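Enquirer: Could you have a look at this structure, given as structure tokens, before my questions?
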Amino acid sequence: MRLDQCYGGVDNETVVFAHKNGGRSGMGQKYLDEDGKDVGFYACHYCHSTYDGQIPHSYYKIKFLMEMAEFAIRETDKKLKKKGLKT
């Protein structure tokens, strides 16, 4: 996602697959595509927590976070396809 304080740790050891939230409803409600597959993106702990609303920000609005998530999903899909992990 690459927000302002993004830090994946040495060798990206804290990077996880963050699921797209269903309707930006927060943690626990995951978004699935039309085939029932997970939709998400690579994110460090900070970006994941900010996206899920655990770390509030005065300048990150929901619309901005949703747009950043869509960009991150496209970038993650490219990486997964390149590795042969997604068709």
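Enquirer: Is there any pair with a first residue in the range 73-86 that is within 20 Å of residue 2 (Cβ to Cβ) and a second that is loosely packed, with under 14 Cβ neighbours inside 10 Å whose Cβ atoms are under 7 Å apart and which are 6 or more apart or on different chains, and what are they?
Expert: 77/86; 80/86
Enquirer: Just to verify a result, which residue in the range 19-58, among those that are modelled with pLDDT under 90 and in a strand (DSSP E or B), is farthest from residue 85 (Cα to Cα)?
Expert: Looking at residues that are modelled with pLDDT under 90 and in a strand (DSSP E or B), I get 21.
Enquirer: Another one. Across the range 34-52, which residue is surrounded by the fewest Cβ atoms within 10 Å (Cβ to Cβ) among those that are farther than 21 Å from residue 13 by Cβ and in contact with a strand residue (DSSP E or B) (Cβ under 9 Å, 6 or more places away or on another chain)?
Expert: Of the residues in the range 34-52, the ones farther than 21 Å from residue 13 by Cβ are 34-39.
Filter once more, keeping what is in contact with a strand residue (DSSP E or B) (Cβ under 9 Å, 6 or more places away or on another chain): 38-39.
On the way: 38: 11, 39: 17.
Checking each candidate, the answer is 38.
Enquirer: Starting from the range 4-15, keep only residues that are exposed (fewer than 14 other Cβ atoms within 10 Å of the Cβ), then list their pairs with residues that are in a loop (DSSP other than H, G, I, E, B) whose Cβ atoms are within a distance under 7 Å, requiring at least 6 positions of separation or different chains.
Expert: Hits for this filter: 7/44.
Enquirer: Given the structure, is residue 68 at pLDDT 85 or above, surrounded by 12 or more Cβ atoms within 10 Å (Cβ to Cβ), in a loop (DSSP other than H, G, I, E, B) and under 11 Å from the mean Cα position of the chain (by Cα)?
Expert: Answer is no for this residue.
The values are calculated or read from the model by the stated rules, or taken from the named source; none is laboratory data. On a predicted model such as this, the values are computed, not experimentally measured, just so you know. Don't worry about glycine lacking a Cβ; one is built from the backbone with ideal geometry, like all the others, and counts go over all protein chains shown.
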